[in-house]
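See structure below.
Where a number appears in this text, it was derived from the coordinates with a stated rule and is not lab data. All of these numbers come straight from a predicted model, not from anything done at the bench. Cβ sites come from the backbone with ideal geometry, for glycine too, and all protein chains shown count toward neighbours.
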Amino acid sequence: MPELPEVETVARGLREALPGRRILDVRLGKTDFIENPAAIEEQLPGKQIRAVKRHGKFLLLELASANTDEAAHELVLLIHLGMTGQIVTCPPEAPVPLHTHVFLALDDGKELRYTDIRRFGSMQLLVDGARAKALQSLGADPLEMTEAQFKAAVGARRARVKALLLDQHVMSGMGNIYTDEALWRARIHPMRIGATLKRDEMARLYRAVRDVLTEAIRLRGSSVSDYVDSKGQRGEFQLRHRVYQRDGKKCFRCGATIRRAIVAGRSSHFCPKCQRAPRKVKA
DNA sequence: CTTACGGCCTGGGTGC
DNA sequence: TGCACCCAGGCCGTAA
């Protein structure tokens, strides 16, 4: 699933292929995941892609009018990959995978394609001030948070730490895989309440979140099911998973059996020995 | 304000 | 071989 490291890997790939390119043509398949498909069909042709940005799990393509005499509007294509979204550049004659719903013809002869089996992703064209509004409720990127900001965000809440790390308003970019992996590294049980974390636990968690995300970016993300980068290549961090989908197997640290439980409505994987359950919360 | 939960969507796996 | 069923989870809307 695309979480921060996967989206960052896609963004880095797109930065090599897109800036400076002009969009010549737009073709759409199913559009129920696009906020305003007509706007995309009408506005994108002729626009130049200026930059590729990432905010949490969102990709932003910054666009500009190719005509300099047109009034300058801030125009951004906001893309979320959901669970199964893939965004790839390829020659237009390359075979079209099933569930490919957006085709952008580019002025270098390549095509930018969006494929999304389950259509949990989303696409939205933001004009002028809409960008700030769309992103304002999202928390900071965990890789850009200071330890003090992290403590303030997590330590002030009575929700389970698993839910807090997953909450994009607390910090944006963590999903189920990296949340479980970070909690294992920090030796903190997913059901612990944020406000009850001790100083050293909070420090370990901050460290663990940053380390796991940084290492996952280095290995180009985790390809568990559908994830591929902008060149269609799989990541390798799934080979380094220590708990995610390893229930029934042995903990790499202590040899106990990894367990799975539903926490915050999500399947959660943890070592019952390294990550001690809180007393009051039922396991 | 908080947390909980159903719904969206498809494919892969399982059990009968 | 087919088919019903469940599960994966990011995010949003609604309910309590």
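When shorter helices are ignored and each DSSP H run of at least 4 residues is given -39500 (n - 2.57), the per-residue value for chain A at 222 nm works out to -7500 deg cm²/dmol. The 3J(HN,Hα) values that the Karplus relation (6.51, -1.76, 1.60; θ = phi - 60°) gives for segment A:238-245 are, in residue order, 4, 6, 9, 4, 9, 10, 4, 6 Hz. Gly and Pro appear as x. With K and R counted +1 and D and E -1, the other residues having a Cβ less than 13 Å from that of A:Ala203 yield a net charge of +4. Under 16 Å of direct C-alpha separation, and excluding same-chain neighbours fewer than eight residues apart, A:Lys231 reaches these lysines: A:Lys110. Going by the alpha-carbon gyration tensor, a ≥ b ≥ c the square roots of its eigenvalues, is segment A:1-45 rounded (a/c under 1.5) or, if a/c is not under 1.5, prolate (a/b greater than b/c) versus oblate? Oblate shape, in that a/c is at least 1.5 and b/c is the bigger or equal ratio. Net charge of the neighbourhood of A:His99, taken over other residues with C-beta under 15 Å away and scored Lys/Arg +1, Asp/Glu -1, is +2.
The distance linking segment A:77-109 with segment A:175-228 is 30 Å (Cα centroid to Cα centroid, whole angstrom). In chain A, the longest principal axis of the Cα atoms and the axis of helix A:4-17 are about 30 degrees apart.
Can you pull a Stokes-Einstein diffusion coefficient for chain A at 37 °C (0.692 mPa s), Rh from Kirkwood over Cα pairs, as a whole number of µm²/s? Intermediate values should be presented prior to the final figure.
Numbers: Rh = 20.0 Å.
D, rounded to a whole number, is 164 µm²/s.
With a/c under 1.5 counting as rounded, go ahead and sort segment A:131-215 into rounded, prolate or oblate using the C-alpha gyration tensor (a ≥ b ≥ c being the square roots of the eigenvalues; past the cut-off, prolate if a/b is larger than b/c, else oblate). Prolate, since a/c reaches 1.5 and a/b exceeds b/c.
Dividing the Cα radius of gyration of segment A:4-135 by its Kirkwood radius returns 0.93 for Rg/Rh. Bridge orientation summary for segment A:4-135: considering DSSP beta bridges with both residues in this region, about 95 percent are antiparallel.
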